[in-house]
Amino acid sequence: MSAPRRSTSLRDSFSDSERMEGTGSWDDALDWFKLEHPASSSVSHHANYKCLLEAERGRGVVLVNTDGAGTLLVTNFRLIFLSEGTENIIALGTIPLATIEKFSKMVVKNQSAPRHSERTPSQRFLQVIGKDMRIIVFGFRPKTKQRRAIYDGLLRCTKPSRLWDLYAFSCGPFKFTNANPKVRLLNEYFRLLGKGICRASMDMIDNGSYTMSNELWRICNVNSNYLMCPSYPFALIVPKSISDEEVIQASNFRSKGRLPIVSWCHPESGAVLARSSQPLVGLMMNMRSNTDEKLVAELCPQLGDEKKGQRKLYIADARPRKNALANVAMGGGSESSSNYLQSEVVFFGIDNIHAMRESLSRLRDYLDAHGTTSSDGTLSLLRHGGWTWGGGNLSNMSASVSTLGDSGWLIHVQSVLAGSAWIAARVALESASVLVHCSDGWDRTSQLVALANLLLDPYYRTFTGFQALIEKDWLAFGHPFAERGGMPTVSGSSDRSDLCRQSSVGSFSLPPMRPSSGSFSPPTPSSSHAQNQQSPIFLQWIDCVSQLLRMYPFAFEFSSAFLVDLLDCVLSCRFGNFFCNSEKERQQVGISEACGCLWAYLADLRSSEGRSHVHCNPFYSPLKHNGPLLPPAAALAPTLWPQFHLRWACPSEAQAGELEAQCRIMSIKFSKLQEAKEGAEKKAKETEIVVESLSAELRNEKQRSSSAMALAKRASMETAAIKRAIQSLGCKVHYASGGDTTVDIETSPVKISQKSVFSPFTRESVGIVQHEDKSDLSVSISVAADDVVSNNPFGRVCDTLCPLRTRDGGCRWPDAGCAQLASQFIGVKADYEALDSLSIYEGYFKTERICIN
């Protein structure tokens, strides 16, 4: 059976050579299911894995979930299962060590031959339970030490006793450097105060110049050394009218010193979303704090509209009422509305971390028992194809309680969604301020406040805003990621025995085995319910975000695949962003300098493919949902998250829910077609403009051609007239093929052959006639323009063309035939340089120019 497919971003992001684990390379750790040089079955290739723990290799191991044989390896980062023969990595059997929640050895005795049960070797198994909803079982050959070697390796490496023994410290930041989170937190504060033009820097943090303010709120640096509240960030947003001394006094009335602090403020109405821990009202519930009451009252500034009334304050207690009353025995409790002006206390009834842990465990067991890759090795009804979950697609089901057993996971998810939607509605619709808290204010409070922020502010539904939201309301405000994830902390080491699988409340109940396989021996309990502080609080919040993404597919810039990869990175502890329990601890260890940054890695993945990356939501339309999201109560019916819940137990169902991927492909194709259409339309417009230009030029050319034809016709008529005029002088006119005209003039008694060239396309042409008998005679023939001829036919010719006309109006050449040509407006002009060679009327020529008719 093929391995379940993960998100392509972690699977295909690093195609280059993959180095050995522990040598400072990122490729192997980021891509869980790739290995460039998988170790072969020969011992000689063992040296290729420099970080393989000695003897922690099992050959001939069977992955019971898929009945596939292979080799099992343990490195200092992950557990790797290689298929037999091809030695390809099997995704289901490969898991980062930090993602392993529990593991245990189990023995199954063969019951087929009761008489020989003592002689028949028992089957040996190793069960591994992951925080990512998978349960995998490996079977080992009897009478070998393979299982013991693997088990010991997991026991040493799965949960190190010291924080700096985690794999992220051995690799370092590499190219995914982590900028100081304090700078990013201040930039988010500046945005909330309307000072987004300002940019924070380390110099600003060092000299304390970040204490900006607006008309209502200010940034307080009273916790810059983490003395007032170790689990709060170094900078806090408080009402501008509250002094630093009052802030310190108010912290004494709240559990863990977590006083009411502004998490988000409406840029227009002035309503705020604040968070804190429970008040210390005492055993008699009569303890009060004037400073705390003043601080809470200042969270409700006067309304800015014409009513000018007092703003309503809602105190949202995330706990069930009975749990809040139970905390009175430890000095905690809840507020009394009579002590806080214009206030109303509301209980959301969300269960504690232990209920969430047990609920997810039951859901994981149920999915494993009914999935196609069940850890008991049997084929479920789904695998036979005779029945489907709830009669349809599992990812589309909302009737979760009856179908998914009594896990209650989706009921808890619905409670968180309903509480967050209620908070967002009060702020958006009533312009009311809401103060949210639970017991310590870092689990359920973080869920409700962060989800309400996501509903209220469209900025948090982008990649950049989502990062800012997590860093503000989860990391900066002290959600204990180390305790909830079972990782070592700065203050102390953890007990390795907690890793072993226990049968305490909420632990895994073994699924039924095949009759031929016997039954697993039950594990023995060794830890109490109250001491276990692990809980999938952050995972549950991401699940809530996926539900909103399903309800509002156009409102989020990121996709469901992004959320899955984000969870995988957090659970694997490959990056340092989510180490420790507070900002103070991460700064003490120097996480940002020593470890890589998850956000830089995810951003690098997206930069490789741009908007077509699997992390980008192809349906995202920021203008469609540019305001708050206020889902109705009827819409808050959560379903299983197929990309996360079903990817291991039922990969076919998880892939069936990949409608988003198919739509992404269609969206990309549509975008390409749209671009091609726009390009074609642009080209068509350009072609139309060119055609119009050519048409205009053609019309102009036709006009010029018509004019030229008219001129040619007129020139032809004039040429004919010139020909007749010259022939009347006794000249011969010859037309050449090139359009030139040759005129031969013969005179007597000296014969002179003269040539004159005329162009048929000009109104005035001048031809230079050369004497062929070496005579000095030079004749110039010209055509006079019409406008130079006078009104008198004779006078026009004589006055204009004849230079020999006398002043008194007489003519020196009385026998000339000028009057004969007057009607044709033609004259011939001759220049004589050697008049002595002529004998005709020599007495008439007293100038150098004569007129020949």
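The values are calculated or read from the model by the stated rules, or taken from the named source; none is laboratory data. Being a predicted model, the structure only gives us computed values, none of them experimental. We place every Cβ from the backbone using ideal geometry, glycine too, and count neighbours over all the protein chains shown. Surface accessibility is based on the protein's heavy atoms, side chains included, excluding ligands, DNA and RNA. Shrake-Rupley method; radii C 1.70, N 1.55, O 1.52, S 1.80 Å.
Of the peptides 692-700, 722-730, 317-325, 637-645, the order by per-residue mean of other Cβ atoms within 10 Å, starting with the highest, comes out as 637-645, 317-325, 722-730, 692-700. Per residue, the range 226-292 exposes 38 Å² of solvent-accessible protein surface, assessed with a 1.4 angstrom probe and all protein chains in place. For GluC sites (Glu not before Pro), the sites in the range 266-316 that DSSP calls loop and that have at most 14 other Cβ atoms within 10 Å are GLU268, GLU306.
Reducing the range 417-475 and the range 119-167 to their Cα centroids gives an inter-centroid distance of 40 Å.
Along the range 365-372 the Karplus relation, 6.51 cos²θ - 1.76 cosθ + 1.60 evaluated at θ = phi - 60°, assigns HN-Hα couplings of 5, 5, 5, 5, 5, 10, x, 7 Hz to successive residues, with x for each Gly and Pro. Around LEU193, under 11 Å between beta carbons, what's the net of Lys plus Arg minus Asp minus Glu among the other residues? Net charge in that neighbourhood comes out at +2. With R₀ set to 45 Å, the beta-carbon distance separating SER161 from THR464 gives a calculated FRET efficiency near 0.75.
Under a no-solvent Debye model with one identical scatterer per Cα of the range 527-659, what's log10 I(q)/I(0) at q = 0.16, 0.21 Å⁻¹? For the requested q values the scattering log ratios are -1.04, -1.34. Rolling a 1.4 Å probe over the protein heavy atoms of the range 585-735, with every protein chain left in place, gives an accessible area that is 59 percent carbon and sulfur. Note on LEU711 and ASP67: the model spin-label points, each 7 Å out from Cα along the C-beta direction, lie 9.8 nm apart.
Give me the net charge of ASN65's neighbourhood, meaning all other residues with Cβ under 11 Å from the Cβ of ASN65; Lys, Arg count +1, Asp, Glu -1. With Lys, Arg at +1 and Asp, Glu at -1, the neighbours total -2. For the range 414-450, the residues whose amide N sits under 17 Å from a probe point set 7 Å from the Cα of LEU630 along the beta carbon direction are 418-434. Amide H contacts for TRP217 (H built 1.01 Å from N in the peptide plane; partners 5 or more residues away or on another chain; cut-off under 5 Å): LYS240.
Need the C-alpha centroid separation for the range 697-716 versus the range 287-347, integer Å. Answer, in whole Å: 96. Rolling a 1.4 angstrom probe over the range 138-246 with all protein chains present gives an accessible area of which 53% lies on carbon and sulfur atoms.
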